[in-house]
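What follows is one structure encoded as structure tokens, with my remarks underneath.
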Amino acid sequence: PDREVVARIFVCPSDDREQVLDAARFAMAAYLNVPVYRAFHEWLGRGDLLGEHWEQWDAGDRRGALGKIPEKVVDDLIVHGSPDRCRAHVERYRAAGVTCPVLSVLPIAGVDVHQAVRDLPPQACPAYPSDRPRPPPRPTPPPVHAPVLQHVVSAACVYPAPPLILQE
């Protein structure tokens with residue numbers, strides 16, 4: 001292609017669906033209620049899906065509003081499941097024309113972000129030959145006490161053609 005197509009993709013490699021749903025709803029609410037993002041989701045056609053959430057949020061019922069974010073919206077916005085399932089989902093982005101998926105690993109549902117960075121690069125992807133040596137794992141830094149939505153390390157790994165960038 002003559003242009004790079006970059007997509008930031010939120011990923012949570014965890015099989016604990018209930019934990020992912022609960023934590024993702026909490027994280028997503030911060031974005032879904034910013035006026036410009038709300039307008040964007042209305043433009044995307046999610047007004048009916050998110051209407052009850054916005055009504056409760058606007059009425060001041062933050063806790064109740066979280067439960068009104070439908071599973072479908074979480075599934076649409078957060079890639080989650082086993083690392084194999086997450087890789088397969090990212091490959092669908094590539095098949096749709098994304099040339100540079102940027103994975104932003106969500107540190108929720110018990111996910112070890114540093115392990116996720118090691119688990120998520122393509123294993124048997126034609127773009128990453130299996131005989132090519134992998135970069136050594138990065139040392140685990142000391143724990144960082146930061147809110148869920150703060151990403152501490154960016155561009156942890158870059159893989160070639162098409163590239164895969166992982167963010168923590």
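The values are calculated or read from the model by the stated rules, or taken from the named source; none is laboratory data. Nothing here was measured: the structure is a model prediction, and the numbers come from that model. Ideal geometry is used to build each Cβ from the backbone, glycine not excepted, and the neighbour counts take in all protein chains shown. Heads up: the accessible areas ignore ligands, DNA and RNA and are worked out on the full protein's heavy atoms, side chains in. Shrake-Rupley method; radii C 1.70, N 1.55, O 1.52, S 1.80 Å.
Condition test on residue 2, is it open to solvent by 50 Å² or more (accessible area, probe 1.4 Å) and under 15 Å from residue 109 (Cα atoms)? No, not satisfied. Filtered by the rule that a residue be touching a strand residue (DSSP E or B) at 6+ places or on another chain (Cβ under 7 Å) and either open to solvent by 90 Å² or more (accessible area, probe 1.4 Å) or part of a loop (DSSP other than H, G, I, E, B) (or both), the stretch 14-32 gives a lone residue, 14. The set of residues in the stretch 33-43 being hydrophobic (A, V, I, L, M, F, W, C) and part of a helix (DSSP H, G or I) consists of 36, 39, 40, 43. Among the residues of the stretch 46-80, the ones that are outside any helix (DSSP H, G or I) and either open to solvent by 50 Å² or more (accessible area, probe 1.4 Å) or farther than 25 Å from residue 104 by Cα (or both) come to 5 in all.
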